[in-house]
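The values are calculated or read from the model by the stated rules, or taken from the named source; none is laboratory data. Model, not experiment: these values are computed from the prediction. Because the Cβ atoms are built from the backbone with ideal geometry, glycine has one as well, and the counts that use them run over all protein chains shown. The protein model used for the area step is the full one, side chains on, heavy atoms only, and it has no ligands, DNA or RNA in it. Shrake-Rupley method; radii C 1.70, N 1.55, O 1.52, S 1.80 Å.
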Amino acid sequence: SENGTGCVPPSSEFPEGFFTPQERKDGGIVIYFIIILYMFLAVSIVCDDYFLPSLEIISECLGLSQDVAGATFMAAGSSAPELVTAFLGVFVTKGDIGVSTILGSAIYNLLGISAACGLLSSVVSRLSCWPLFRDCLAYTISVAAVLAMISDNRIYWYESASLLLIYGCYILVLCFDIKINQYLMKKFSPCCMRFTKAMEENAEQQPLVGWRDESGPLICQQSRTDSGIFQDELDYSHLSTSLHGLDEISKDHPSVFTMPEADMKRILWVLSLPIITLLYLTIPDCRRQFWRNWFMVTFLISAAWISAITYVLVWMITIAGETLGIPESVMGLTLLAAGTSVPDTVASVLVARKGNGDMAMSNIVGSNVFDMLCLGIPWFIKTAFINTSGPIEVNSSGLTYTAISLICSVGFIFLAVHLNGWKIDKKLGAICLVLYLVFTTLSILYELGIIGNNPTRVCGN
C-alpha cells in the first residue's frame, strides 16, 4: 500500500539478506546475481535428473497421455513454489493478491514460456487441437471465477470452495479425456478429417527429429487415441521413451557423477557438483533400477527442492530489485514473474526439446489453472476452519485491466498456434516473444503511471 508520499515501501516478505543496502550498492549486488544464476542451474538439474524421470514413470503406471500428464502431475510439481507462496501470503505475511502478481505470472506462463519452448528447441513439435482448447477453456473459466470473487475485495468460504470445485471438474474432464475427445471427433468429423489429413501431409513434408540419434531420424507421430487413463500394458512402450529416449528399461542409467565429454558441459558439471552431490544424497534416482519403485518419493522430494530453490531465487531477485530501485509492482510483472515460473520454463523447454509438444503446452496452461487452485486452497482453509467470523480482505485494484489482459493472452496464444499450423517452432517462439514484450511493456507503463494515473516507486530510492 502507498503512503502519503506516493511511494511503495520495500517488500517485507523476505529476510533482509547478508549485506546492508549500502554494501549492496557498493558491489555486493554482484554476489546476489551469482546466486541467482546458480539457482537457475540448480532448478534445471532437479528437473532434468529427478522431476521429469519420475513424471515419466507416473505417466507409464497410470497410462496417462502426454498432455494429461503435463496438465496434472507436471503442472502441480512445477507450480509447487506458487502454492507455497500462496500459503505464505495468506497465513504468514498477510499480503494482498496484487495486480502485478496475477498479471505478470499468468502472461509470462502463457507467452514467455511458449516463446522459450519455440526458440530454445531445435525440434519441431506437433500439437493436438483438443488438449490446447481444453486447457485454455479451463483456464478462462478459472480466471473469470477468481476475478468475480475479488471484485468486492472480499473472499468468503463458499467462493474459495467454488475454486476447488472448478479444479475438481477439470480433473474429472481429464479422467474421461479420451472419451470426450473421441465424441468431439465424431461430432465434428468432417472438420476433423480435413484437419487430420492436412496434419498428415505436413508431417510427410516435414519429418520431425526424434530422440534416438543412433538409429537415425525418428518421426514423432502424436496420437491421442491409443493412450488414456486406462490403458493396456502393451501400449506403454512409447511412454517409456517419451522423455529421455531409453531404448531398454532394463538398462541402468549412468551415474550423475559421470563427467560429460563436451568442454562447456564439463565446466557446468564442475560448477554444479555441490548441488549434484546434495540432490544425490537426498533424492532417490528413479532412473536407476534400485530406486525405480520409489518414483513417487522422487516426485515429491524433487517438487520440495524446486520450491526451496525457487524461494531462494525469488528472494535474491527481490533484494536485487530493491537495490536497483525497481518498484515492486514492476518487479512482479517482470523478474518475479519469471523467477517463480523458472520450474515451468525449464520443464517445458526440456520436454519440447524431446518433441513432446502437447505435454509442454498442457504444462504451460495447466500450471496457470493450478495457480488458481493455489489461491483457493489457503483461502478455503482460512475462511472455513481458522477465521470463520468473516471473509478475507484482498486488493483488486486494476481488475478490468487484469481481466482484459489475461483473456487476450489466452486468445492470442490459441490463435498464434492455429495460424502456425499447430506446431511449436522458432516462428511461434518469435511471435510469442513479441506478444509477451508488448503485454509486459504496456503493463509496466500502466504501473508507472505513464498510461494510467498511479505512478509508483520504492521508498528510499
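For segment 54-65, how many residues are surrounded by 22 or more Cβ atoms within 10 Å (Cβ to Cβ) and not in a helix (DSSP H, G or I)?
2
Within segment 138-173, how many residues turn out to be free of Cβ contacts under 8 Å to residues at least 12 places away in the same chain and among the basic types (Lys, Arg)?
Residues meeting the conditions: 0.
How do the helices (runs of 4 or more DSSP H) wholly within segment 113-188 filter down when requiring 1 or more residues that are surrounded by fewer than 23 Cβ atoms within 10 Å (Cβ to Cβ), at pLDDT 85 or above and of a type in the set (Phe, Trp, Tyr): which remain?
Passing ranges, in order: 129-149, 157-175.
Quick test of your reading of the structure: SER397 fulfils all but one of (1) at pLDDT below 75; (2) closer than 17 Å to LEU119 by Cα. Name the failing condition by number.
Unmet for SER397, out of (1) at pLDDT below 75; (2) closer than 17 Å to LEU119 by Cα: (2).
Considering only segment 66-74, I want to know if a residue exists there that is among the hydrophobic types (A, V, I, L, M, F, W, C), open to solvent by 30 Å² or more (accessible area, probe 1.4 Å) and under 22 Å from ALA308 (Cβ atoms).
yes
May I ask you to list the residues in segment 283-300 that are touching a residue at least 24 places away in the same chain (Cβ under 8 Å) and within 14 Å of GLY77 (Cβ to Cβ)?
Across segment 283-300, the qualifying residues are ILE283, CYS286, PHE295, MET296, THR298, PHE299.
Given the options ILE229, ILE301, name the one that is at pLDDT below 85 and open to solvent by less than 70 Å² (accessible area, probe 1.4 Å).
ILE229
Could you name every one of the helices (runs of 4 or more DSSP H) located completely within segment 329-442 that has at least 1 residues being without any contact (Cβ under 8 Å) to a residue 24 or more places away in the chain, open to solvent by 10 Å² or more (accessible area, probe 1.4 Å) and among the polar types (S, T, N, Q)?
399-419
Find the residue count for segment 263-291, including only residues that are open to solvent by 50 Å² or more (accessible area, probe 1.4 Å) and more than 23 Å from VAL312 (Cβ to Cβ).
8
Search segment 46-64 for residues that are at negative phi and hydrophobic (A, V, I, L, M, F, W, C) and pair each with any residue that is open to solvent by 10 Å² or more (accessible area, probe 1.4 Å) and at pLDDT below 85 when their beta-carbon atoms are under 7 Å apart and the residues are at least 6 apart or on different chains.
Between residues of segment 46-64 that are at negative phi and hydrophobic (A, V, I, L, M, F, W, C) and residues that are open to solvent by 10 Å² or more (accessible area, probe 1.4 Å) and at pLDDT below 85, the close pairs are LEU55/PHE73; ILE58/PHE73; LEU62/ILE229; LEU64/ILE229.
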